[in-house]
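The values are calculated or read from the model by the stated rules, or taken from the named source; none is laboratory data. Since we're looking at a predicted model, the values are computed, not measured. Heads up, the Cβs are rebuilt from the backbone with ideal geometry, glycines too, and the neighbour counts pull from every protein chain shown. The protein model used for the area step is the full one, side chains on, heavy atoms only, and it has no ligands, DNA or RNA in it. Shrake-Rupley method; radii C 1.70, N 1.55, O 1.52, S 1.80 Å.
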Amino acid sequence: MQSDNRILDDMAKVATGTLGSLTGLRAEIEAKVQQQLERLLGRMNLVSREEFETMKQVAQEARAEQIKLERRLQEIERKLANIP
């Protein structure tokens, strides 16, 4: 009876050690994957969200100005067309 308990205790210790090793392995794999992703992303010419939003705003303002100038040009052309 006591030998059964000892075997179960030994098996529990082995299982606990295995779980600890697997947890460490998982953390190591996650760190390696993260390093590879950071290296890959670092090689890409990506912009930050802040830079993107800034350029988006600049583009929207430029488009609004273009529309304004197109309307002004159309009005000038209309006036010129009416001059005898």
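For Glu53, the requirement of being open to solvent by less than 90 Å² (accessible area, probe 1.4 Å) and either part of a helix (DSSP H, G or I) or out of contact with any helix residue (DSSP H, G or I) (no Cβ under 6 Å at 6 or more places or on another chain) (or both) is met.
Test of understanding: among Arg72, Arg26, Arg63, Arg39, which residue is in a helix (DSSP H, G or I), surrounded by fewer than 10 Cβ atoms within 10 Å (Cβ to Cβ) and basic (Lys, Arg)? Going through Arg72, Arg26, Arg63, Arg39 in turn, the sole match is Arg39.
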